[in-house]
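Here is the structure we will look at.
The values are calculated or read from the model by the stated rules, or taken from the named source; none is laboratory data. The shown structure was predicted, so the numbers you read here are calculated from the model rather than taken from an experiment. Glycine also receives a Cβ, built like all others from the backbone with ideal geometry; neighbour counts cover every protein chain displayed.
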Amino acid sequence: MGFASNLCRYLHAAAALLTLGLLTHSAPAKTAAPPDEAPPIHLKNEQHNTQLVLNQNADYLLENVNITGLTDYAALTLTGPINSITLRNCRFGDISMPGEGHSAAVQAMGASIRSFTATDSVFYDAAGELLSLRNGTFGIVTIEHCAFRNSESFLKRLYHASPWRKSPPLTEFYNIDHLELLDNEFENTTIIIHSSVKTVVLRGSDLSHVQVESPDTQVLRMDLRDLDEASDGVATAAKAAVAPSTPMAASALKSDKSWVDLFALLAQ
């Protein structure tokens with residue numbers, strides 16, 4: 001009797017364990033998303049006087065975000081792997097620094113960014129750089145209808161506080177696969193396009209502030225009339241070449257059939 005009772009208990013326990021195992025295997029627990037994937041991040045209609053850091057591998061959209069009035073810190077810092085950043089109607093500036101700091105309106109610090117786009121935004125009065133995409137790697141960078149400016153009153157204060165300075169703060173582009181500067185405004189700043197930038201598309205009435213450092217950088221200069229011609233099925237690259245002595249480049253701007261075909265395709 002005792003043996004039969006023990007056998008029944010054993011069979012019930014085995015059945016319970018088997019059922020638990022089947023349930024565990026048939027309904028596995030949901031796993032969390034990998035830490036390198038983040039949902040889109042949208043910031044809108046925000047004003048700050050403290051530093052904003054973007055450091056997640058996500059798609060960032062900043063609309064009407066104003067960050068001003070900092071000392072010795074960049075208004076916006078980009079760091080780590082980031083899928084994309086889009087700035088619309090944003091303002092970053094009024095950045096001062098004590099001594100020989102390097103405060104920027106926007107700066108990258110060890111960033112790896114697939115896509116960076118800024119439209120209708122202003123980068124202004126920053127003691128270090130207005131926009132510094134230097135410390136990192138970048139895929140496609142598009143800057144359109146933006147303003148880069150250092151005011152005369154700001155420069156007067158800057159030179160007084162830092163007599164060692166001989167030139168206004170720069171705007172820097174490094175380590176970029178494809179850079180587009182389209183119809184932007186520049187005042188009291190120099191745009192440095194480093195030799196590590198592979199291709200550049202320029203459009204605008206005043207490009208005298210732009211310096212392309214290497215003759216190996218593929219550069220295409222476009223005017224608005226080129227877009228009109230492209231819409232009619234006739235895409236033409238800009239014909240004007242820039243002499244080595246001008247601020248634009250160490251050699252004449254290049255254009256070839258591949259660029260013409262590219263813009264003809266985009267116009268369709």
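Reported count of residues in segment 37-56, each being surrounded by fewer than 17 Cβ atoms within 10 Å (Cβ to Cβ), at pLDDT 95 or above and either among the β-branched types (Val, Ile, Thr) or closer than 13 Å to ALA111 by Cα (or both), is 3.
Sort through SER167, SER153, SER132 and tell me the only one that's hydroxyl-bearing (Ser, Thr, Tyr), surrounded by fewer than 20 Cβ atoms within 10 Å (Cβ to Cβ) and under 17 Å from SER103 (Cα atoms).
SER167
Taking the listed residues GLY204, GLY128, the one that is under 23 Å from ASN55 (Cα atoms), at pLDDT below 95 and out of contact with any helix residue (DSSP H, G or I) (no Cβ under 7 Å at 6 or more places or on another chain) is GLY128, with no other qualifying. Yes or no: ILE95 part of a strand (DSSP E or B) and more than 19 Å from THR189 (Cα to Cα)? No. Scanning segment 184-196 for any residue that is at pLDDT 90 or above, over 23 Å from MET109 (Cα atoms), touching a Gly at 6+ places or on another chain (Cβ under 7 Å) and crowded, with 16+ Cβ neighbours inside 10 Å turns up at least one such residue. Taking the criterion of being outside any loop (DSSP other than H, G, I, E, B) and touching a strand residue (DSSP E or B) at 6+ places or on another chain (Cβ under 6 Å), the residues of segment 155-180 that qualify are LEU170, THR171, GLU172, PHE173, ILE176, ASP177, HIS178, LEU179, GLU180. Restricting attention to segment 154-164, does a residue exist that is at pLDDT 95 or above and of a type in the set (A, V, I, L, M, F, W, C)? Scanning segment 154-164 turns up no residue that is at pLDDT 95 or above and of a type in the set (A, V, I, L, M, F, W, C). Can you confirm whether segment 220-242 contains a residue that is over 28 Å from SER151 (Cα atoms), modelled with pLDDT under 50 and touching a Gly at 6+ places or on another chain (Cβ under 8 Å)? There is no residue in segment 220-242 that is over 28 Å from SER151 (Cα atoms), modelled with pLDDT under 50 and touching a Gly at 6+ places or on another chain (Cβ under 8 Å). Of the residues ALA108, ALA75, the single one that is without any contact (Cβ under 8 Å) to a residue 60 or more places away in the chain, within 20 Å of ASN175 (Cβ to Cβ) and either surrounded by 15 or more Cβ atoms within 10 Å (Cβ to Cβ) or in contact with a helix residue (DSSP H, G or I) (Cβ under 8 Å, 6 or more places away or on another chain) (or both) is ALA108.
Among the residues of segment 189-196, are any free of Cβ contacts under 8 Å to residues at least 60 places away in the same chain, within 22 Å of THR137 (Cα to Cα) and of a type in the set (Gly, Ala, Ser)? So far as segment 189-196 goes, yes, one or more of its residues are free of Cβ contacts under 8 Å to residues at least 60 places away in the same chain, within 22 Å of THR137 (Cα to Cα) and of a type in the set (Gly, Ala, Ser).
In this structure, ASN184 does not qualify as at positive phi and touching a residue at least 40 places away in the same chain (Cβ under 8 Å). Being β-branched (Val, Ile, Thr) and more than 22 Å from ASN175 (Cβ to Cβ) holds for only one residue in ILE67, ILE85, and it is ILE67.
Can we say PHE138 is touching a Cys at 6+ places or on another chain (Cβ under 9 Å) and either in a strand (DSSP E or B) or more than 17 Å from PRO168 (Cα to Cα) (or both)? Taking the combined requirement at face value, the residue does not satisfy it.
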